[in-house]
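The values are calculated or read from the model by the stated rules, or taken from the named source; none is laboratory data. Just so we're clear, the structure is a prediction, and the values are computed from it rather than from any experiment. All Cβ positions, glycine included, derive from the backbone under ideal geometry; neighbour counts span all protein chains shown. Ligands, DNA and RNA are stripped out before the accessible areas are found, and what is left, the full protein with its side chains, is counted by its heavy atoms. Shrake-Rupley method; radii C 1.70, N 1.55, O 1.52, S 1.80 Å.
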Amino acid sequence: MSTPPAPATPTPPPPPDPAASRGRIGLWGPPASGKTTFLAALGLALDRGDFPWLLYGRDEWSNTFLSSHTDLLRQKTFPPATTDLSRELSWVFRGSRTIREGRLLRRSTREVVSELDLELIDAPGGYFIGRSQPAEPSRVRFDDDDDEEESQEERLYRHLGACHGLIYLFDPTRERTRKDSYDYFHHTVLQIARRSAARSGDRFLPQHLAVCITKFDHPHVYGPAFKNGFIDQTLNPQHFPAVPDDLAEELFEFLGEADRESSAVLLRNSIRRHFHPDRTRYFMTSAVGFYLDPDLGRFRHSQYWNVVEEEGDEGRTSRILGDVYPVNVVEPLAWLAETLLPRS
Amino acid sequence: MVRARIGWGLRGKPAGSHDEYAVLAAGGPAFGKGDYAGIFSRFSPGNPPVGRESPGSLPWVVLSVFRDDHEHYLGLTVQDWSNDTDAAGRPISLSRCFAVPYTLVAENRISYRDLYTALHAVDLPPDGRTLDVELPETAEGAQAALVERFGFERAAAAAALLLEGPVTVTRAEELTPRDRVDFFEAVAALLPCGWRTRFTASTWHNDGSRHLGLVFARQRRSGSVELDWQTPRLPSESVIAGDYWGQLHELKGVRGIPLSVIVAHLAGCGEPLAGAEPSEAVHIFADLDRPRTVLKAAMGGRASAEDLRWVFTSGRFRELRAEERAALFDQLVGLGDVEDIPLVERLWAEAGGDLKSLVRAARTDLRRRDPSEEGSRYLGAAERLGLADPFLAGLVRLLEPGEDPGGEVMVARLVMARSQRDHIATFQAVADNKAVLHQLLCHLAVDRGADLVGWFRQLSRFVPADFLHPFFRVLHGDAERPLDAETLSGFLAHGSASLHALLVAAEVRGRLDRVLPEFASLVITDARLGHAFWTDWIFELDPVGGHDRGMLDVLLLWRDRSPRHLEKAALEDWRGYREGFVAGCAIPGVEAGLDRILAGLAAHLREWNWCKDPRQVAVVLALATAYRESPVLTAAVLAARAAAPELSDDEGYRSWREQALQRHAPLEGQEPVIVLKALPRDAAAENVGRLCAEMLGRGVLPSRLVECLDQSHWRLTGDRLVGLLTGARSSLRASGVSEAGAREKCRILTAAIQRSRSRPHMSDAHLSDLRYTAVQSICTELEHYSFLLETIAADTEDKKSFHVGDQSRQRLIELSAWLKGVIEASRSRKFFGR
């Protein structure tokens, strides 16, 4: 008589990470560089990809922001321009990761659950160059004026200065016409330096910096990248174009150097001067991603841009053409999260 | 319509622009683009959603407040989508802010709703130019209609909550932006107009400014109170809001004041409330229907005097119904403040004054003041109102038992001073109120100038003759015809208080003798005067003559109380006192208690230190002589020497003592015991020694003597022992006893004291202490005499030489040896054999 098989023992859940951490992530970029769209795409990006992370709001407001903006993209609509500094979005980035334990020959690894509190502020781009208010009000008074009340800009700079990781959005399409990316970067990095340089153990600012070259799907970005061999279409089943991580920085430089009047060179130099190379990483991103031909179920080079510009009663408007497949939206956040958590 | 020149600012961005949102243009007298940038930023409702169909979609309307150096402005901002997009293809929203001076709004009663109607679609002038518009004045009743439209409960809750802080209205998705503006007006209409200088609101709020007070939103924003549109109610913890809400409900619901009246009242409160405490809004409210508010508070006993006065001085009592104003007038009069009398008098008829209230006010005042000053002012008012007689009658009747007793003296004085012959009600009331009648009669007795005949004639119309007649006879009658026992006994039928009043009247008139003998007989014989309070009343009587005093003291002693007048009589008329005392003791019936009276007198004499004043000695000896047969009284007078041995030197006392000891032979042997036992606590030791020497001389055994000392209050100490022996020696020597004889007596006395250690209070410790302090005292004396010896015997030239003489020197040597022997013996032997 055979012994009945022992009931299958379910895999025990990984232990909680003793080093659960709290981190502030700063989001930064000029007007219309896609900051809000970037945040809006996070939910979809996680669900499209195979990421071991959960993302949810710590409070009702943060959850509402996440869900309403995801809905917006699902409706193929871009978020409107941000006109006001939001309050701090408090999100939880929860997932499992591998940590190392022990020393030398006894070293081992194990899976732990990590939880990272992400605190972000969605700010109008104008704040990053100090032009949110054209001039200091001179005659108007408010009865409930509080002398100690923090200005909106000061609140943003204090937030960025206290951040452990920064996501800087570089919009090549804006740079192509306005050539002011450096201005937005420089003004803000000085504010960050003033508030955080003293924390650093080296000559650089203490933060990790994820430089996101946005609007990858835009013809002005994808076109040069494709023509100059930065694209690899073998990295995902839908054949979406991708720029290998080690080429992203090179593409960033290439895009900047292509235009002699561009401020991108200054921007690149400023990034290198302020942030440690080991703490800087470049990502080619697109919040809405490339257009996926619904009939073929894959990317087609002949119709890659996932945005449609239309002339109508409301002027020239933009809308999302197809489903949203965000590119490198979660990755910068995940990279920063990893850097914030201890490795062993 | 009101023509107005108002400022404006436009915020947005140019079409196709990469620019950030900014103030594109502005105009008006007060503010520039920078100012509007600040206004837009401060009162931003947040980022608008892109959709155009949701409850939070544009247009948004924001109500704001700001000011320049001179005045407040109400801001109306309308934010809506333009037809343009920016460089990123995103729709551009435009915000138009209009700055309307608050005074323009307040004076012309322009509602938010009308502002919105007039301005939301107005064409803006070119950059830099002022906007000239015509603003409509809000139609009367329009605001109340808005409140009714949204529901009083909802609007009132929002208004009340706004007093405490920001409010978020949720679950109101069905309202259009215009509806929401209308709701803002409905809420503002239920607040004082001046609150608009701090009233801020937004038709939607999407994580925007915290400076916005009332907003619609999907969910409650942080730091605000939620008002659920579907089920509006106040949070239970709201305090100021609760008060305000309660007042609104009270006015509208309970008192039935039309909403339009409430709204009109609030619209009239235009003083800016920016920066004011929220509670001020609550107080402002109080002025609406204030008379009734005061009435309600008054009925609850909470109305302040100021409020009560205000209702009548302002004339607003006329807003009340007749019975209400009368009730409130009662409260005003009831304050009892004489400063209010002119007001009370002036409005008496119109306000429906009630005489009872006036009487009660006067009564309250009588408790506080001298009626000759303020109490009469109420009477003066009553007189001027033609109500003097019922007023006085009411005042008297208020004092009747069961009403509000007390103050009879004051009322009686008022009646006496101000009543007229035709005050029938007053005199009838007095006749019915014995307490006041008694006081009135006593006052007549005091007033030497009073027309007694006239008064008694007037009173006789209302007061029974058998009551009034004894008073008349005592106060006015012939001295040769005192009240007889039968009359007084009959008078007692009117009650003890009446008899007491008769006695007091006689006393204050100085005619107590007219009634006292018969009264004393009644005290002795009539059980109706057996009550304890009579003892107090007798004690309180204060006659002027010694005779009456002596008789009253007999009554007090009869009642087992100490004689009250003896000491005073000794200083004034001791002979009269003795006669009165003797007369009192001769009253039939007293003889049975005479021993008790004399025992009481003797006890009093033991306590009273009468020996120091010859006049007091005289009266005591007079009484002791009058009752010489009383051994108790005699012993008490004999014992007085314990405190004053010098009495032996008083000729009168000595003579009395000799006779007393002859009359009471047994007392002669007992006298030492009597005297020594009576020693006071503070008797001088030398005097005690004198008494001891006298007793020893009269053959009293030392042990008996010491026993008497032990039984007295006087306590023997070491110091006193030395003093006692010194006094005894001096006395013995003065009486001719030799030094050796005196010394022997002292030794015997000391030995007797030594033996007394066996008694409980003479413990070993006590004796040890006695010895120690006695020796210390002797040492001090020896030292003193040694010093005298040295000083006196010293040579005037050679300070080291002394002249004492051979005989004295020999005696000093012997004394020295004696002392030395004692000193040496004290090493092994103990004083007193211990």
Residues of the stretch B:126-148 being out of contact with any Asp or Glu (no Cβ under 7 Å at 6 or more places or on another chain) and in a helix (DSSP H, G or I), which ones?
B:A142, B:A144, B:A145, B:V147, B:E148
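Within the stretch B:555-587, can you find the residues that are in contact (Cβ under 8 Å) with a residue 60 or more places away in the chain and in contact with a Ser or Thr (Cβ under 7 Å, 6 or more places away or on another chain)? Break it down into steps so the answer makes sense when it comes.
Here is the first cut: in the stretch B:555-587, the residues in contact (Cβ under 8 Å) with a residue 60 or more places away in the chain are B:583-584, B:587.
Listed by number, the list holds a single entry, B:I587.
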Condition first: in contact with a strand residue (DSSP E or B) (Cβ under 9 Å, 6 or more places away or on another chain) and within 14 Å of chain A (Cβ to nearest Cβ). Can you find one or more residues in the stretch B:226-241 that meet it?
yes
Please find, among B:R302, B:R377, B:R360, the residue that is open to solvent by 30 Å² or more (accessible area, probe 1.4 Å), within 29 Å of B:L251 (Cα to Cα) and within 33 Å of the chain's Cα centre (by Cα).
B:R302
Might you check whether a residue that is modelled with pLDDT of 90 or more, in a loop (DSSP other than H, G, I, E, B), among the small types (G, A, S) and open to solvent by less than 50 Å² (accessible area, probe 1.4 Å) occurs anywhere in the stretch A:51-62?
no
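Listed here are the residues, each with its yes/no results for (1) within 14 Å of chain A (Cβ to nearest Cβ); (2) surrounded by 19 or more Cβ atoms within 10 Å (Cβ to Cβ).
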residue	(1), (2)
B:T200	yes, yes
B:T203	no, yes
B:G246	no, no
B:L266	no, yes
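Inspect the stretch B:101-122 for any residue being assigned to a strand (DSSP E or B) and within 14 Å of chain A (Cβ to nearest Cβ) and give the result as yes or no. Show your work before the answer.
Restricting attention to the stretch B:101-122, the residues satisfying the condition of being assigned to a strand (DSSP E or B) are B:101.
The next check asks that each one be within 14 Å of chain A (Cβ to nearest Cβ); those that pass are B:101.
Yes - at least one qualifying residue is present in the stretch B:101-122.
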Residue, modelled with the highest pLDDT, within the stretch B:426-451, restricted to residues that are assigned to a helix (DSSP H, G or I) and surrounded by fewer than 18 Cβ atoms within 10 Å (Cβ to Cβ)
B:Q428
Out of the residues in the stretch B:37-56 that are more than 8 Å from chain A (Cβ to nearest Cβ) and touching a residue at least 24 places away in the same chain (Cβ under 8 Å), state the one that is nearest to A:D143 (Cα to Cα).
B:F43
Select, from A:F226, A:F290, A:F230, the only residue that is over 19 Å from the mean Cα position of the chain (by Cα) and part of a loop (DSSP other than H, G, I, E, B).
A:F230
Sort out which residues of the stretch A:287-336 are away from chain B (no Cβ under 13 Å) and surrounded by fewer than 16 Cβ atoms within 10 Å (Cβ to Cβ), and write them in order of number.
A:D293, A:P294, A:D295, A:L296, A:G297, A:R298, A:R300, A:H301, A:S302, A:Q303
Out of the stretch B:210-263, which residues are more than 21 Å from B:L175 (Cβ to Cβ), part of a loop (DSSP other than H, G, I, E, B) and among the small types (G, A, S)?
B:S222, B:G223, B:S236, B:S238, B:G256
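Only residues that are hydrophobic (A, V, I, L, M, F, W, C) and surrounded by fewer than 17 Cβ atoms within 10 Å (Cβ to Cβ): list them for the stretch B:311-325, please. Before the answer, list the steps.
Taking the stretch B:311-325 and keeping what is hydrophobic (A, V, I, L, M, F, W, C), we get B:311-312, B:317, B:320, B:322.
Scanning the stretch B:311-325 gives a single hit, B:A322.
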Counted residues in the stretch B:787-826 being more than 30 Å from B:S768 (Cα to Cα), open to solvent by 60 Å² or more (accessible area, probe 1.4 Å) and outside any helix (DSSP H, G or I) come to 7
Test: B:P177 is modelled with pLDDT under 90 and open to solvent by 10 Å² or more (accessible area, probe 1.4 Å):
no
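With the condition kept exactly as written, say whether any residue in the stretch A:177-194 is assigned to a helix (DSSP H, G or I), over 30 Å from A:R94 (Cα atoms), at pLDDT below 90 and within 11 Å of another protein chain (Cβ to nearest Cβ). Step through it out loud before you land on a result.
Residues of the stretch A:177-194 assigned to a helix (DSSP H, G or I): A:177, A:181-194.
Imposing the further condition that a residue be over 30 Å from A:R94 (Cα atoms) reduces the set to A:177, A:181-187, A:190-191, A:194.
After this cut, where a residue has to be at pLDDT below 90 as well, the list is A:177.
Add one more test, that the residue is within 11 Å of another protein chain (Cβ to nearest Cβ), and what stays is A:177.
Among the residues of the stretch A:177-194, at least one is assigned to a helix (DSSP H, G or I), over 30 Å from A:R94 (Cα atoms), at pLDDT below 90 and within 11 Å of another protein chain (Cβ to nearest Cβ), which makes the answer yes.
Quick grid of which residues meet (1) farther than 21 Å from B:V775 by Cα; (2) surrounded by fewer than 21 Cβ atoms within 10 Å (Cβ to Cβ); (3) free of Cβ contacts under 8 Å to residues at least 60 places away in the same chain:
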position	(1), (2), (3)
B:V675	yes, no, yes
B:V688	no, no, yes
B:L691	yes, no, yes
B:V706	no, no, yes
B:T717	no, yes, yes
B:R720	no, no, yes
B:R733	yes, yes, yes
B:T750	no, yes, yes
B:Q754	no, yes, no
Contact list please: Cβ distance under 9 Å, first residue in the stretch B:396-415 and charged (D, E, K, R), second residue at pLDDT below 60, pairs at least six apart or on different chains.
B:R397/B:E403; B:R413/B:P371; B:R413/B:S372; B:R413/B:G375
Could you list, in sequence order, the residues of the stretch A:156-199 that are under 20 Å from the mean Cα position of the chain (by Cα) and basic (K, R)?
A:R158, A:R174
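Working carefully through the options B:R606, B:R628, find the one that is over 23 Å from B:G576 (Cβ atoms) and open to solvent by 30 Å² or more (accessible area, probe 1.4 Å).
Working: B:R628 fails: over 23 Å from B:G576 (Cβ atoms).
Answer to the selection: B:R606.
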Specify the residue that is nearest to A:T77 (Cα to Cα); the eligible residues are those in the stretch B:80-100 that are of a type outside the set (F, W, Y) and out of contact with any Gly (no Cβ under 9 Å at 6 or more places or on another chain).
B:R90
Filter the stretch B:8-36 for residues that are within 8 Å of chain A (Cβ to nearest Cβ) and surrounded by fewer than 21 Cβ atoms within 10 Å (Cβ to Cβ) and give the result.
B:A15, B:G16, B:H18, B:D19, B:A22, B:A30, B:G32, B:G34
If A:Q152 meets every condition in (1) open to solvent by 10 Å² or more (accessible area, probe 1.4 Å); (2) more than 30 Å from A:H301 (Cβ to Cβ); (3) modelled with pLDDT of 90 or more; (4) over 19 Å from the mean Cα position of the chain (by Cα) apart from one, which number is that one?
(3)
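Give the residues of the stretch B:11-54 that are in a strand (DSSP E or B), of a type outside the set (G, A, S) and out of contact with any Gly (no Cβ under 9 Å at 6 or more places or on another chain), sorted by residue number. If you could, list the steps in order and put the result at the bottom.
Taking the stretch B:11-54 and keeping what is in a strand (DSSP E or B), we get B:11-12, B:22-27, B:46.
Now restrict to residues that are of a type outside the set (G, A, S): B:11, B:23-24.
B:R11, the sole residue that qualifies.
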Hey, any hits in the stretch B:662-678 for a residue that's touching a helix residue (DSSP H, G or I) at 6+ places or on another chain (Cβ under 7 Å) and within 19 Å of B:A622 (Cβ to Cβ)?
yes
Go through the residues of the stretch B:645-658 one by one and say whether even a single one is modelled with pLDDT of 90 or more and of a type in the set (A, V, I, L, M, F, W, C).
yes
Out of the residues in the stretch B:58-78 that are buried (at least 22 other Cβ atoms within 10 Å of the Cβ), within 57 Å of the chain's Cα centre (by Cα) and more than 10 Å from every other protein chain (Cβ to nearest Cβ), which is nearest to B:R196 (Cα to Cα)?
B:L74
May I ask you to list the residues in the stretch B:10-53 that are among the hydrophobic types (A, V, I, L, M, F, W, C) and out of contact with any helix residue (DSSP H, G or I) (no Cβ under 9 Å at 6 or more places or on another chain)?
B:A15, B:A30, B:A37, B:I39, B:F40, B:F43
